[in-house]
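Peer 1: Here it is: the structure, laid out below.
The values are calculated or read from the model by the stated rules, or taken from the named source; none is laboratory data. Computed from a predicted structure; not experimentally measured. Every residue, glycine among them, receives a Cβ derived from its backbone with ideal geometry; neighbour counts consider all protein chains shown. Side chains included, ligands, DNA and RNA excluded: accessible areas come from the protein's heavy atoms. Shrake-Rupley method; radii C 1.70, N 1.55, O 1.52, S 1.80 Å.
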Amino acid sequence: MKSDKIRQLTTFYSLPKKQQKAIMLLFSGEMNQGEVANNVGISRTTISAWKQKEIFRQAQDEYNRFMLRDLTSEAIMTMRELLDARSEMVRFSAAKDILDRSMNDAQIRKAEAEADIAEAKAKQISNTDETVRIVFNDNLAPDKEDNQDD
């Protein structure tokens, strides 16, 4: 297990211990940047400088993904449960979030375009259907002259 963790956190473990600690504290979200700097024993500007370095950002992303990996299935199950919520807005938000996370940008644009086309067709059919009903009903309405012949 430990070797798997080390393999997944290669960039993270390549950093000095103070940078690793800063990344862990930043991930927790319980401290602001100044508090993290004080806890690590550095200045706030040092953290800012670290955040500008590509290797620090890569290590931070690597650590964040590793820490969130175990929560992903639970989060997905929660989103799945929200698809059955009473609120239409909650259901919409859950569905949109799931789709956004499961598709790349090109797939999202294609799905949105297909939805727009389907909506336009539905409106067209609805308008055509309404016209047909009006014409059809007008043609079936008996004329006063027809009633008099009976």
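Peer 1: Being farther than 30 Å from S14 by Cβ, assigned to a helix (DSSP H, G or I) and of a type in the set (S, T, N, Q) is the requirement here; does N127 meet it? Let's see the steps before the verdict.
Peer 2: Working: farther than 30 Å from S14 by Cβ: yes; assigned to a helix (DSSP H, G or I): yes; of a type in the set (S, T, N, Q): yes.
Yes: the conditions hold for N127.
Peer 1: Just to be sure before I move on: is E30 more than 21 Å from the chain's Cα centre (by Cα) and more than 20 Å from T11 (Cβ to Cβ) in the structure I sent?
Peer 2: Taking the combined requirement at face value, the residue satisfies it.
Peer 1: A follow-up question, please. Is it true that some residue in segment 110-119 is modelled with pLDDT under 80, in a helix (DSSP H, G or I), closer than 30 Å to A75 by Cα and open to solvent by less than 100 Å² (accessible area, probe 1.4 Å)?
Peer 2: Yes: segment 110-119 contains one or more residues that are modelled with pLDDT under 80, in a helix (DSSP H, G or I), closer than 30 Å to A75 by Cα and open to solvent by less than 100 Å² (accessible area, probe 1.4 Å).
Peer 1: Where residues in segment 88-109 are open to solvent by less than 80 Å² (accessible area, probe 1.4 Å) and aliphatic (A, V, I, L, M), which of them is modelled with the highest pLDDT?
Peer 2: V90
Peer 1: To continue, here is another question. What pairs come out if I take residues in segment 108-128 that are touching a residue at least 12 places away in the same chain (Cβ under 8 Å) and pair them with residues that are surrounded by 10 or more Cβ atoms within 10 Å (Cβ to Cβ) whose C-beta lies under 9 Å away, six or more apart or interchain?
Peer 2: Filtered contacts from segment 108-128: A111/L99; A111/M103.
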